[in-house]
Amino acid sequence: LNKDALRKIYQAKRHAIAADARQQAAMAAATLLIAQPYFSQSEHIACYLAYRDEFVTEPLIQAIWQARKICYLPVITPDSTLQFVRYDQDDPLLPNRYSILEPQNQQRKIKLTALDIIITPLVAFDRQGHRLGTGGGYYDKTLAGLRAKSKKPLLLGLGHAVQEAKEIPVEPWDVMLDGVITELEAACFIKYLNIKH
Ligand SMILES: Nc1ncnc2c1ncn2[C@@H]1O[C@H](COP(=O)(O)OP(=O)(O)O)[C@@H](O)[C@H]1O
Ligand SMILES: [Mg+2]
């Protein structure tokens with residue numbers, strides 16, 4: 001199946017998840033994430049606020065703050081890439097052109113290579129670390145070329161277990177996930193995630 005066909009299938013699966021299951025999943029994923037060594041060793045963590053049916057992140061953001069780490073949220077730039085801006089508790093948020101809430105203080109943006117982890121939403125993922133997004137290619141464009149130079153930031157997909165596909169077609173610009181967090185597991189696709197440094 002091609003990407004468009006897979007998007008339709010996995011968007012429908014994601015849409016069918018009940019509201020209470022979403023909240024349960026969000027709490028379970030947060031508990032799983034904070035137990036990972038790579039989480040303990042991180043300080044600067046980019047997350048997102050759920051748009052439409054995306055995996056809920058409020059418990060995860062709370063967990064980041066509670067662990068005294070610094071949280072960042074994506075802000076869409078005019079060239080359709082993402083910048084990551086610091087988000088502290090009670091910081092004001094304003095909707096962008098998609099009605100997604102964004103922090104306002106652009107002076108608090110962080111360099112990509114200074115981030116330890118980027119948590120991305122997804123429509124589908126597979127065990128090879130392929131990620132299917134909504135089709136905007138935002139994370140692909142933002143992270144293009146970056147991962148070749150350094151292990152940082154770790155790229156983790158966040159989604160429901162039902163969003164796992166057998167195989168997602170990959171195109172040259174697709175960035176690979178280092179791991180995925182679901183309500184059932186924190187899975188690593190690369191070896192160094194399992195190693196304590
Ligand atoms: N590094 C890049 N530079 C320019 N355009 C890109 C880049 N990465 C992706 N794109 C564009 O984004 C579009 C969507 O990418 P795709 O991988 O299908 O979406 P998604 O990652 O959201 O599932 C592609 O058609 C491609 O042209
Ligand atoms: Mg892509």
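Taking the criterion of being open to solvent by less than 20 Å² (accessible area, probe 1.4 Å) and either in contact with a Gly (Cβ under 9 Å, 6 or more places away or on another chain) or not in a strand (DSSP E or B) (or both), the residues of region 121-138 that qualify are PRO121, LEU122, VAL123, ALA124, PHE125, ASP126, GLY129, GLY133.
Against the condition hydroxyl-bearing (Ser, Thr, Tyr), more than 16 Å from ligand 1 (Cβ to nearest atom) and not in a loop (DSSP other than H, G, I, E, B), how does THR113 come out, does it pass? Yes, satisfied. Screening SER99 with (1) in a loop (DSSP other than H, G, I, E, B); (2) at negative phi; (3) small (Gly, Ala, Ser) gives one miss only, at (2).
In region 94-108, the residues that are over 13 Å from GLN83 (Cα atoms) form Cβ pairs under 9 Å with partners that are open to solvent by 70 Å² or more (accessible area, probe 1.4 Å) and outside any strand (DSSP E or B), at six or more places apart or across chains, as follows: LEU94/GLN104.
Filtered by the rule that a residue be of a type in the set (D, E, K, R) and out of contact with any strand residue (DSSP E or B) (no Cβ under 7 Å at 6 or more places or on another chain), region 74-125 gives ASP79, ASP88, ASP90, ARG97, LYS111.
Can ILE118 be described as within 16 Å of ligand 1 (Cβ to nearest atom) and part of a strand (DSSP E or B)?
yes
Annotation note: Cβ proximity below 8 Å between a residue of region 67-88 that is at negative phi and surrounded by fewer than 18 Cβ atoms within 10 Å (Cβ to Cβ) and a residue that is aromatic (Phe, Trp, Tyr) and assigned to a loop (DSSP other than H, G, I, E, B) (sequence gap 6+ or interchain) occurs for ILE76/TYR98.
The values are calculated or read from the model by the stated rules, or taken from the named source; none is laboratory data. Owing to the predicted nature of the structure, the values given are computational and were not obtained by experimental measurement. When we count neighbours, we look across all protein chains shown, and the Cβ atoms used for this are built from the backbone with ideal geometry, even at glycine. Quick note on the areas: whole protein, heavy atoms, side chains included, nothing else; ligands and nucleic acids left out. Shrake-Rupley method; radii C 1.70, N 1.55, O 1.52, S 1.80 Å.
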